[in-house]
Every structure is written in C-alpha cells, then in structure tokens.
Ligand SMILES: Cc1cc2nc3c(=O)[nH]c(=O)nc-3n(C[C@H](O)[C@H](O)[C@H](O)COP(=O)(O)OP(=O)(O)OC[C@H]3O[C@@H](n4cnc5c(N)ncnc54)[C@H](O)[C@@H]3O)c2cc1C
C-alpha cells in the first residue's frame with residue numbers, strides 16, 4: 001500500500017475499502033485493469049468499528065473474497081479474525097489503498113473522472129480514474145431518533161464493549177440483532193439493562209440462536225423490557241418512556257440507541273446518481289452491470305439496496321466485483 005501524492009490515471013477508483021470495495025478492486029486487477037481504493041478510515045473501517053467482541057453471523061467461507069480461503073477454528077469467525085483475513089487479502093493482491101482520505105466529490109465524466117479527497121489534516125488531494133465504483137456502505141450514518149436529549153454525551157449509536165457500563169443503569173433502544181446482542185453483553189458484564197422497543201416483541205430478523213437468549217433473560221426479569229414503547233426524552237439522570245401503560249421515568253446513566261444506519265444518500269446524489277424515491281431510495285443502476293444512471297459510475301455492496309440495509313451483506317455483496325469487472329472488460333477494452 002503506497003501513499004503517492006500524484007499518479008497517472010487508474011482504470012478503476014473504488015470509493016470505500018470495505019469487503020465489497022476490496023472485492024471490486026481485486027476482480028478489476030484480476031481482469032487486467034489498474035485499481036485504486038480510497039477510504040475515509042482504515043481498511044475495512046466499518047468492521048473495525050463493530051463491537052470489539054462481535055462474532056459474525058456468517059460462516060467464514062461466505063466472507064471470502066478474491067478466492068482466498070478464510071480459515072477459522074471457530075464455526076463463525078470473530079471481528080479480529082475477519083480484520084486479519086482482509087488485511088492478508090489486501091497484502092496478497094498488493095491492493096493500493098489510500099486510507100484516511102475522504103472522497104468529497106467527483107468531477108469530469110466517463111473515461112476521465114477527477115476524484116477530490118481530503119486527508120485527516122484537511123489537505124486536498126486528487127486522483128484520476130476512468131471508472132468509479134461507489135462502495136461506501138451504511139455504517140457511518142446512524143438513524144437518529146430525533147428526541148430531546150439525544151445529543152447528550154451519554155447517548156451512543158454504536159456499541160463497543162461492556163466494561164465501562166458495569167453497575168450503571170443502561171437503556172438499549174431497538175429490537176433487532178445489534179440491540180439484542182448489546183443488551184445481553186451489557187447484562188453479562190454487570191450493567192442494569194432495560195430494553196425499549198417500539199415493536200410488540202423482538203424483531204423477526206433476530207438470529208435464531210440469539211432470540212431464545214434475549215427472550216429468556218427478559219422472561220426471568222434479568223433484563224427489563226418495554227415493548228410497544230418509545231423513549232420520548234433523555235435527561236442527564238433519567239429517561240422518559242411512553243408505554244402502553246402510560247408515561248414512565250427511569251433512572252439512567254447511559255443510552256444505546258441501536259436503531260440502524262443508512263447510506264450517505266446525499267453523497268450518492270451529489271455524484272449525479274438518481275435515487276428511486278418510490279422504492280426505498282434504491283439508486284438507479286443496471287442490475288447486470290451495476291452501472292448507475294451516470295455512465296462510468298458503478299455501485300456496489302449494501303448501498304445497491306438503498307434504505308433496505310438488510311438485503312445485501314458481505315455474503316452477497318462480495319460478488320458485485322465480478323459483475324463490475326465483467327462490465328469493465330467490455331467497456332475499457334473496447335475503448
Ligand atoms: C454488527 C454487524 C454485524 C454484521 N455481521 C455480518 C455477517 O455476519 N455477515 C455478513 O455478511 N454481513 C454482516 N454485517 C453486514 C456487513 O458488515 C455489511 O453489509 C458490509 O460491511 C457491507 O460491506 P460494504 O463493503 O458494502 O460496506 P462497508 O463495509 O461499510 O465499507 C464501506 C467503506 O466505505 C468507506 N467510506 C464511506 N464513505 C466514504 C467516503 N466519502 N470516502 C471514502 N471512504 C468512504 C467507509 O469508511 C467504509 O470502510 C454485519 C453488520 C453489522 C453492523
């Protein structure tokens with residue numbers, strides 16, 4: 001991985017060095033093209049920011065990219081194994097990853113794009129590319145609740161690890177996997193946990209091996225839960241809920257609002273890509289090639305499904321690179 005200030009034009013510039021973006025660069029290189037990845041954070045920045053002790057839902061072979069085997073002694077790998085795997089893949093393919101560079105915008109057009117980035121110190125950089133892939137994921141932008149007190153520094157939208165919450169009153173908002181896993185981990189490490197979910201029960205997407213655990217903790221009264229309920233206000237020492245039994249105030253030290261994330265739609269639109277507002281803001285693209293309505297700009301990974309962030313995972317997004325490489329073969333070789 002190198003850090004050149006200026007370079008010749010690359011065939012493909014991939015915005016986002018997550019598993020999908022890496023797969024796109026690898027498949028382009030395997031097809032004989034030059035590729036450059038740019039990420040605002042580190043390699044696999046989203047995975048790096050997942051809960052420290054998380055275990056993937058997926059068996060290792062379904063996380064593989066570039067035909068490199070992912071072996072793990074565990075049935076399902078954990079976060080540090082996955083990070084090690086993707087580092088090794090990056091090394092194996094000698095991927096050119098510009099880390100800690102945020103893509104702000106792209107100018108130019110198909111065949112001669114100019115990608116404008118900014119580094120951690122505010123310095124501006126530019127990269128020239130014939131084609132672009134946008135693989136920016138969804139993990140940078142939480143779905144905010146929009147309630148008073150959400151901006152207090154005791155409110156978190158990402159769960160990391162349990163230790164700082166020992167012997168504290170913690171509210172977890174949400175009813176899907178992230179909320180269930182965080183509530184269980186916090187409770188197991190000595191926090192007093194209350195789960196608040198607007199649905200009548202835990203969401204049907206909670207994994208089948210997590211659901212009985214959270215439901216039994218709730219049934220036993222080890223984790224308190226309020227269903228069909230909402231947090232209406234967060235204050236320094238308490239939270240207010242609206243429940244079917246009426247309003248309620250609970251003592252509180254920390255809140256984890258784990259209510260999902262969404263792609264950076266402004267960024268996608270700013271590139272000229274149209275969002276289908278009638279269809280969950282799915283960006284317009286050809287499903288066969290993943291080329292968007294802007295010639296030369298391709299989409300990959302979770303963003304292809306717009307607001308439906310539970311449709312494309314690493315498991316299936318990793319194949320987007322092959323589709324794009326195939327399309328590049330037709331276009332760049334013909335050029
Ligand atoms: C807790 C958790 C557990 C999960 N477990 C699984 C699982 O077991 N199996 C599975 O298949 N999926 C799982 N997923 C989903 C999976 O991680 C995502 O679907 C996947 O990361 C999407 O890959 P991606 O490459 O599209 O996006 P990401 O991995 O999010 O990568 C996008 C990258 O783009 C970068 N970026 C964003 N904007 C810019 C910009 N303007 N300039 C430069 N860089 C930018 C980000 O820093 C990031 O590195 C899980 C998700 C979560 C939150």
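The values are calculated or read from the model by the stated rules, or taken from the named source; none is laboratory data. These figures come from a predicted structure and were not determined experimentally. Using ideal geometry, Cβ is built from the backbone for each residue, glycine included, and neighbour counts are taken over all protein chains shown.
Mind checking which strands (runs of 3 or more DSSP E) fall wholly inside the stretch 209-327 and carry at least 3 residues that are under 24 Å from residue 55 (Cβ atoms) and modelled with pLDDT of 95 or more?
Hits in the stretch 209-327: 254-257.
Taking the stated definitions as given, is residue 249 over 27 Å from residue 86 (Cα atoms) and within 16 Å of the ligand (Cβ to nearest atom)?
no
So which of 62, 152, 114, 83 is surrounded by fewer than 19 Cβ atoms within 10 Å (Cβ to Cβ) and within 10 Å of the ligand (Cβ to nearest atom)?
On inspection, the qualifying residue turns out to be 62.
Among the residues in the stretch 63-78, are any in contact with a helix residue (DSSP H, G or I) (Cβ under 8 Å, 6 or more places away or on another chain), in the same structural domain as residue 291 (by TED's automatic domain parsing), touching a residue at least 60 places away in the same chain (Cβ under 8 Å) and closer than 24 Å to residue 157 by Cα?
no
Of the residues 84, 101, which single one is without any contact (Cβ under 8 Å) to a residue 12 or more places away in the chain and assigned by TED's automatic domain parsing to the domain that holds residue 134?
After applying the criteria, what remains is 84.
Restricted to the stretch 17-46, and to residues that are within 6 Å of the ligand (Cβ to nearest atom) and assigned to a helix (DSSP H, G or I), which residue is nearest to the chain's Cα centre (by Cα)?
Taking the candidates together, the pick is 46.
Identify the single condition in (1) in a loop (DSSP other than H, G, I, E, B); (2) in contact with a strand residue (DSSP E or B) (Cβ under 7 Å, 6 or more places away or on another chain) that residue 113 does not satisfy, given that it satisfies every other one.
(1)
Cβ contacts < 6 Å: first residue over 19 Å from residue 239 (Cα atoms) and assigned by TED's automatic domain parsing to the domain that holds residue 199, restricted to the stretch 163-183; second residue in a helix (DSSP H, G or I) and away from the ligand (no atom under 12 Å from the Cβ), any location; separation 6+ or different chain. Result?
That search, which allows pairs on different chains as well, returns 180/214.
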